[in-house]
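Input: a single structure, listed below in structure tokens.
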Amino acid sequence: MITFDFQPDTVILGGGDYPTHPIPLGILQNASRVQCCDGAAAEYIMRGNIPWRIIGDGDSMPDYIRTTYADRIRIISEQETNDQTKNVIYARNHGARHIAIVGASGRREDHTIGNISLLTEYHKMGLDVRIYTDHGMFVICNGTADFSVQQGTQISIFNWKAHGFTSQGLRYQLFDFDALWMGTLNEAVEDRVTISAEGVYIVFVNYMV
């Protein structure tokens, strides 16, 4: 059963908008291990926190962070992946299997779309990775997924070459759609929503609070 309540091994703070909603803020504040993309470290530290690691290509890291937190910095210069993925791979290599990402959206829409679509790559790595924004949660699913939600919760489904869609508990029944927008703007009419398909899809669940 998928809920907003998630106990990640590692939380990654991206360089988008710093979270303000209580759910992503709580995940960040209660994390036992926080990794910052290099462009996000300054604000995290300014708010009185110390990251476990600061990871990225180093192109947006202030000099004072380079010197003060040198023992926590890991520069990964290759440009085949973005800083978010560098952080996910580092977390995986240090034992994390359940990862929450906050600060992945905002500022640049192209970065936001890229960051969300990367959930499919993390799924291929065998990882359970979720993205929490100030509006809701993105989670990748494969096969059947059950969601515990409040009635009236707004839900969108983004197809990634899956087929055989069926659903229970949604206002609009799912079908085999192939355009990303066609699964958006649905709504829970029960407190349990079940989505089934053969293949991978991404679900966005909007917060009710």
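No value in this document is a laboratory result; all are computed from the given coordinates. This is a predicted model, so every value here is computed, not measured. All Cβ positions, glycine included, derive from the backbone under ideal geometry; neighbour counts span all protein chains shown.
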(message) Which one, 28, 60, 106, is farthest towards the positive end of the dipole of the chain when Lys and Arg carry +1 and Asp and Glu -1 on their Cβ?
(response) 28
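To the nearest 20 Debye, how big is the dipole of the chain about its Cα centre, given +1 on the beta carbon of each Lys and Arg and -1 on that of each Asp and Glu? Show your work: numbers first, answer last.
Working: 16 positive and 24 negative charges, 91 e Å.
Here the size comes out at about 440 debye.
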(message) Need the C-alpha centroid separation for the stretch 155-175 versus the stretch 1-23, integer Å.
(response) 24
(request) Taking the Cα atoms of the chain, report the difference between the largest and smallest coordinate on each principal axis, in whole Å and largest first. (result) 55, 34, 30
